[in-house]
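Read-outs throughout are calculated quantities, based only on the coordinates presented, and are distinct from any laboratory measurement. These figures come from a predicted structure and were not determined experimentally. Heads up, the Cβs are rebuilt from the backbone with ideal geometry, glycines too, and the neighbour counts pull from every protein chain shown.
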Amino acid sequence: MLFDRQTSPSASEAELVEVSTSESALVRQAAAGDAVGFEQIVRLHSSRVFNFVHQMTRQRQDAEDLVQQTFIKAYHNLHRFDGSRPIINWLLTIARRSTLNHFRSSKKWDEMPESAACSDPSPAANAEQREEKENLWADARRLLSQREFEILWLRFGEDLSIEETARIAGLTQTHVKVIVFRAKQHLMKGRAR
């Protein structure tokens, strides 16, 4: 199978409850205006939010800016957070929407005139193409639509459940399953060529 979720020793139920309880306590502290509580939330989740946004933008600087925007929006809207759900899902939803808004508002690139472009691929471009072929995520980015890639990344790159992926993407669970199935099919066909 192309995307198998990595199996690792599962945490005990007590550890999961402890993490959930401590995260809920941090959210309550932050909502009450405690900057230290919110700082802990940022420390806990900033790397996952960054990885998700970076996969969407492929630009480190843009990803850093969007992660900062995400946490600022989260801080200002903590009163809207549903404490019965994991905060990472809420943060990834904010990050996704911020990133999509960034794409909508960003200036489009002008095409280079044909006279200025070199027709022969450079050695660096050849090396990049070889590296892309070896990398499944690079192939997925190249072969799949933005939507398919985004759903696959949430599901397998971020290791989220179908339910969590659906909630973040604003889709039904069935729709997520269909997108994952079709994306896998497109990726297998594209890689077979």
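Details
- Counting every alpha-carbon pair across segment 15-105, the share separated by more than 18 Å comes to 42%.
- For the pair residue 84 and residue 178 in one chain, pulling the backbone fully straight at 0.36 nm per residue adds 31.1 nm over the alpha carbon distance.
- Computed 3J(HN,Hα) for segment 52-66, one whole-Hz value per residue from the Karplus formula 6.51 cos²θ - 1.76 cosθ + 1.60 where θ = phi - 60°, is 5, 5, 5, 5, 7, 8, 6, 10, 4, 5, 4, 4, 4, 4, 5, glycine and proline marked x.
- Point-to-point label distance, residue 138-residue 22, nm (Cα→Cβ direction, 7 Å offset): 3.8
- Among 137-145, 163-171, sorting by the average number of other beta carbon atoms lying within 10 angstrom of each residue, highest first, gives 163-171, 137-145.
- Relative contact order for segment 15-105: 29 percent, from Cα pairs under 8 Å spaced at least 6 residues apart, divided by residue count.
- Projecting the alpha carbon convex hull of segment 135-193 along each direction and taking the average yields 3.6 nm².
- For segment 146-155, 3J(HN,Hα) computed residue by residue from phi via the Karplus equation (6.51, -1.76, 1.60; θ = phi - 60°) reads 4, 5, 4, 4, 4, 5, 4, 5, 4, 5 Hz, glycine and proline entered as x.
- Subtracting the Cα-Cα distance of residue 159 and residue 105 from 0.36 nm times their residue separation leaves 16.5 nm of extension gain.
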